[in-house]
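Single-structure report; data block below.
The values are calculated or read from the model by the stated rules, or taken from the named source; none is laboratory data. Since we're looking at a predicted model, the values are computed, not measured. Glycine also receives a Cβ, built like all others from the backbone with ideal geometry; neighbour counts cover every protein chain displayed. Accessible surface areas use protein heavy atoms only, side chains included; no ligands, DNA or RNA. Shrake-Rupley method; radii C 1.70, N 1.55, O 1.52, S 1.80 Å.
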Amino acid sequence: MTHWFHRNPLKATAPVSFNFYGVATTPAASKICNDLRLSRIRLLELFTDLSCNPEMMKNATDLYFSLLQGFIISVDNSSQESKLRYIQNFKWTDTLQGQVPSAQQDAVFELASMGFNVALWYTKYSSRLAGKEDINEDEAKDVHRSLKIAAGIFKHLKESHIPKLITPVEKGRDLEARLTDSYIIQCQAEAQEVTIARAIELKHNPGLIAALAYETSNFYQKADQTLSSLDATYTGKWRKYLQLKTCFYLAYAYCYHGQTLLASDKCGEAIRSLQESEKFFTKAEALCKEYGETKGPGTTAKPSGHLFFRKLGMLVKNTLEKCQRENGFIYFQKVPPEAPQLELKANYGLVEPVPFEFPALDAHWTPESLAAFDLTKRPKDESAKPKPEEEVKPLKEPDIKPQKDSGCQIS
């Protein structure tokens, strides 16, 4: 599935030293700050490390987030927030709005922004893995699982942490509901693509494949509609991708629904369903071209050159010709003027996000270590001291060269 998935850029962030000179009054407090700085640097490095796998990512995220929790929640399990929540300023860019950062002096903003990048990493990992030559069944399961994990992280951030921000999220920024919803839905849709590819390989019932394809098309359409009220300058390219996938899987749904109708001796209806499939496949081809020509953030997928894409074109053509031949020799049924209504519901294979929770508080956080942070020792008027503006440099993401197209063989 090389170049099959569209991916927006990772978020970039300004360095954070966690140097609270005078405030961290004991070696234990200073060690927590140093561990926070080092674990943050390590996590940011892993985002662009091609050798990083989900186990390495989980270990790095658990370490950083368990330490960061001491800046957010109480160490004694009370409902009170940490006294350190607003001590540090954090800057993050967004996936769609270039290198113009947002800044908040709030550890919850850091938790949500870094968590967002972790979810993006899982989507990029799945895309790289899906692009391998001769992807095997275990790797296909990893693609499927990674996309569900990403969806779960986005969902958890949206429901449990972003609402806790004191400063409202600006419109069009990553943490805004329309963006997080679109990422969640896209992850679910792409995971279902793996399910569909698997069902086709194993020659499952055409009715099941049609239903899964229809549900997946609906997912892509919903993600596209969610972005429709945002500035097209930023979302135009992403939306073209979602639209072409909507049409592509609608073509799949009508194609396999046509096979189901033919098996039920409804040849006239089958022809009409295949004609509709042909129409949406042609529309998907046109949208592939428009997508490639649309400027905007993110990698450019190349679905129309992919064997999985071309296979559908041949399948639609051959199945339609078969139905027309059968109708001319056996059935002699009229072809309805209207396409059949797809009221398909998949009972199997539908994707739900994997539930996600941030790790518990690191053991180094105790009432004693928290008490060692003396906020009265902070400079009286920090704003009076000019601070150098730290540049937010974009993360250098590795250039993935496509391998030989395997045609989405996953078993």
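Considering the zone a paramagnetic label at Glu326 would reach in this model (a point 7 Å from Cα along the Cα-to-Cβ line), which residues of region 207-228 have amide N under 14 Å from it?
207
Taking N as the number of residues in region 205-349, what is its alpha-carbon radius of gyration divided by 2.2 N^0.38 Å?
Compared with the compact-globule rule of thumb, region 205-349 sits at 1.13.
Add -39500 (n - 2.57) for each DSSP H run of 4 or more in the chain, then divide by its residues: what number comes out at 222 nm, to the nearest 500 deg cm²/dmol?
The helix-only estimate for the chain comes to -17500 deg cm²/dmol at 222 nm.
Check Ile73: other-chain or 5+ apart residues with amide H under 5 Å from its amide H, H built from backbone geometry?
Ser82
If exposed means no more than 15 neighbouring beta carbons inside 10 Å and the site is in a DSSP loop, what's the longest run of the chain without any exposed GluC sites (Glu not before Pro)?
After excluding every exposed loop site, the longest remaining stretch is 171-337.
Two decimals is fine: what's Rg over Rh for the chain, C-alpha atoms, Kirkwood radius as Rh?
1.07
Quick check on region 30-179: take the gyration tensor over C-alpha atoms, sort the square-rooted eigenvalues as a ≥ b ≥ c, and tell me if it's rounded (a/c under 1.5), prolate or oblate.
Note, shape of region 30-179 comes out prolate.
What is the gain in length, in nm to one decimal, between Leu165 and Ala28 on full extension, counting 0.36 nm per residue of separation less the C-alpha to C-alpha distance?
46.4 nm
Comparing Thr235, Thr376, Thr123, which has the greatest mean-square fluctuation in the GNM of the chain with Cα pairs linked when under 10 Å apart?
For the chain, modelled as a Gaussian network with Cα springs under 10 Å, the answer is Thr376.
Using 0.36 nm per residue of separation minus the Cα-Cα distance, give me the extension gain between Ala14 and Ser228 in nm, one decimal.
74.0 nm
What relative contact order, as a whole-number percentage, does the chain give when Cα pairs under 8 Å and 6 or more residues apart are counted?
Value for the chain: 28 percent.
Cut-off 10 angstrom, C-alpha nodes, Gaussian network model of the chain. Which of Phe248, Phe109, Phe18 fluctuates the most?
Judging by the Gaussian network model, the answer is Phe18.
Going 7 Å from the Cα of Lys345 along its beta-carbon direction, which residues of region 214-228 have the amide nitrogen within less than 19 Å of the resulting point?
Hits in region 214-228 for Lys345 at 19 Å: 214-219.
Rank Thr319, Thr26 by accessible area, highest first, at a 1.4 Å probe radius?
The ranking, largest first, comes out as Thr26, Thr319.
Pick from Ala130, Ala360, Ala199 the residue whose mean-square fluctuation is largest in a GNM of the chain, springs joining Cα atoms under 10 Å.
Of Ala130, Ala360, Ala199, the Gaussian network model singles out Ala360 as fluctuating most.
Calculated FRET efficiency, Glu352 and Leu38, Cβ-Cβ r, R0 45 Å, to nearest 0.05?
The value I calculate is 0.80.
Can you give the relative contact order of region 205-349 as a percent, counting alpha carbon pairs under 8 Å and 6+ residues apart?
Over region 205-349, the number comes to 32 percent.
Which order do Met114, Met56 take by accessible area at a 1.4 Å probe, largest first?
I get Met56, Met114, largest accessible area first.
With +1 on the Cβ of every Lys and Arg and -1 on the Cβ of every Asp and Glu, and nothing else charged, how large is the dipole of the chain about its Cα centre, in debye rounded to the nearest 20?
About 700 debye.
Taking 0.36 nm per residue of sequence separation and subtracting the Cα-Cα distance, how much length would be gained by fully extending the chain between Lys83 and His364, in nm to one decimal?
Between Lys83 and His364, full extension yields 99.5 nm more.
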